[in-house]
Amino acid sequence: MTRKVVFLDIDGTMVNSEGYIPASTKEAVRRAGENGHKLVVCSGRSRFQIYDDLLALGFSGIVGAAGAFVIADGKEIYHAYIDEEHRKSSYEYLEKNGFLFCYQADDGVVLNQRSSEGILAVYQETGMSEERLKRLIGRMHLTEEPWKNERNEKILYYNAPYPVEKVHADLEPYFDTVAISLDGMDEYAGEIGINGINKSTGMERYLKHVGIAREDCIAVGDGPNDLQMMQYAGIGVAMGNAREDVKRRADMVTEHIDEDGLYKAFEKLGLL
């Protein structure tokens with residue numbers, strides 16, 4: 001068959017709620033790669049959160065921080081950072097309104113002491129394992145002026161006083177806000193990225209670099225921040241554990257991540 005590029009979300013798609021990669025997922029990625037298809041991580045995570053045992057499965061590239069950086073065949077071909085004016089204005093808005101929040105940078109999260117304590121408590125309340133928590137949080141840069149870090153790529157927030165829709169409206173036009181893609185989080189937690197930079201724009205940059213048409217790519221995800229990549233792809237696949245609004249907008253719905261969902265999708269798509 002025609003060589004495909006398969007863009008894969010991490011949380012809820014390749015990594016389950018316990019923080020593990022199912023054996024069938026590892027087998028699917030390995031076999032698809034052996035069959036000549038390119039597998040690309042496509043995640044809201046920054047580089048430090050994409051751990052080596054995941055990449056060791058055999059990926060040709062990374063679209064990370066929800067499109068803020070793109071790596072193709074080991075080479076970074078794109079990287080965007082929030083400008084100083086909007087780092088400061090976003091900090092003032094989030095701090096004034098009592099959000100718990102952190103800036104994601106390429107080597108860790110940047111946040112103040114108040115948000116550090118609050119975010120750790122939020123994750124612990126969801127029952128997240130200590131190992132998974134360490135991988136998600138990574139290195140913490142504690143400062144009372146987190147907006148000053150020039151390498152801030154995007155923002156995560158929790159326990160917001162407003163639903164995602166209002167946060168999105170308040171921070172336009174520079175920023176785009178979507179609900180977070182982690183189990184146990186609701187409309188009062190989200191991620192804020194630079195408007196016009198998202199998973200689909202990262203996919204476009206990757207495809208242009210490797211010379212493969214949009215029609216020959218597949219995207220698999222489960223959360224609100226996966227919708228743009230699923231709609232951009234030739235085929236958009238929702239995991240069985242995806243939110244219902246994500247499933248409704250997918251071209252295909254596979255099984256739950258813990259029921260060999262990714263492997264079964266790859267089988268149906270002829271990638272194996």
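All of the numbers you see were taken from the coordinates with simple rules; none came from a lab. Because the structure is a prediction, the values reported are computed rather than measured. Note that we place each Cβ from the backbone using ideal geometry, even for glycine, and neighbour counts take in every protein chain shown.
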Check your understanding: HN-Hα J couplings of the range 25-37 from phi, Karplus 6.51/-1.76/1.60, θ = phi - 60°, integer Hz, Gly and Pro as x?
Key -> 5, 4, 5, 4, 5, 4, 5, 5, x, 5, 7, x, 8
Check your understanding: Say each of E27 and R3 gets a label point 7 Å from the Cα, pointing the same way as Cα to Cβ; how far apart are those two points in nm?
Key -> 2.7
Revision key, fill the gap. So the pair-distance distribution of the range 144-199, from every Cα-Cα distance in 10 Å bins, comes to percents of 23, 51, 25, 0
Exercise for review: Multiply the residue gap between V210 and Q113 by 0.36 nm, knock off their C-alpha separation, and tell me the result in nm, one decimal place.
Suggested key: 30.7 nm
Exercise for review: Set the Förster distance to 41 Å, then compute FRET efficiency between N35 and H79 from the Cβ-Cβ distance, nearest 0.05.
Suggested key: 0.85
Exercise for review: Return P(r) of the range 174-223 (all Cα-Cα pairs; 10 Å bins starting at 0; whole %; ordered from short to long distances).
Suggested key: 21, 40, 32, 8
Exercise for review: Would you mind checking the radius of gyration and Dmax of the range 1-160 based on alpha-carbon positions, in Å?
Suggested key: 17.0, 55
Practice item. Could you work out the Rg to Rh ratio of the chain, with Rh taken as the Kirkwood radius (inverse of the mean 1/r over all Cα pairs)? Key: 0.95
Check your understanding: Can you pick out the pairs among K96/K148; K38/K264; K199/K247; K199/K268; K148/K199 whose Cα atoms lie more than 22 Å from each other?
Key -> K199/K268; K148/K199
**Study point:** Nonlocal amide H pairs with Y78, under 5 Å, H built at 1.01 Å
**Key:** V70
**Study point:** Difference of contour (0.36 nm per residue) and Cα-Cα distance, K88 to D52
**Key:** 9.7 nm
Check your understanding: Hey, what angle do you get for helix 199-210 against the long axis of the chain, alpha-carbon based, 0 to 90 degrees rounded to 10?
Key -> 50
**Study point:** Karplus (6.51, -1.76, 1.60) ³J(HN,Hα), θ = phi - 60°, over the range 222-236, in Hz, Gly and Pro reported as x
**Key:** 9, x, x, 6, 9, 4, 5, 6, 5, 6, 6, 5, x, 9, x
Practice item. In nm, give the distance between the simple-model label positions of E144 and A121, each being 7 Å from the Cα along the Cα-to-Cβ direction. Key: 2.0
Check your understanding: Given the Cα-Cα distance of Y162 and R249 and 0.36 nm per residue of separation, how much length would full extension add, in nm?
Key -> 28.8 nm
Exercise for review: For the range 88-101, just list the computed ³J(HN,Hα) in residue order, Karplus coefficients 6.51, -1.76 and 1.60, θ = phi - 60°, integers in Hz, with x standing in for Gly and Pro.
Suggested key: 6, 5, 5, 4, 4, 5, 5, 5, 4, 9, x, 5, 8, 7
Practice item. Could you tell me what percent of the DSSP beta bridges with both partners in the chain are antiparallel, to the nearest 5? Key: 55
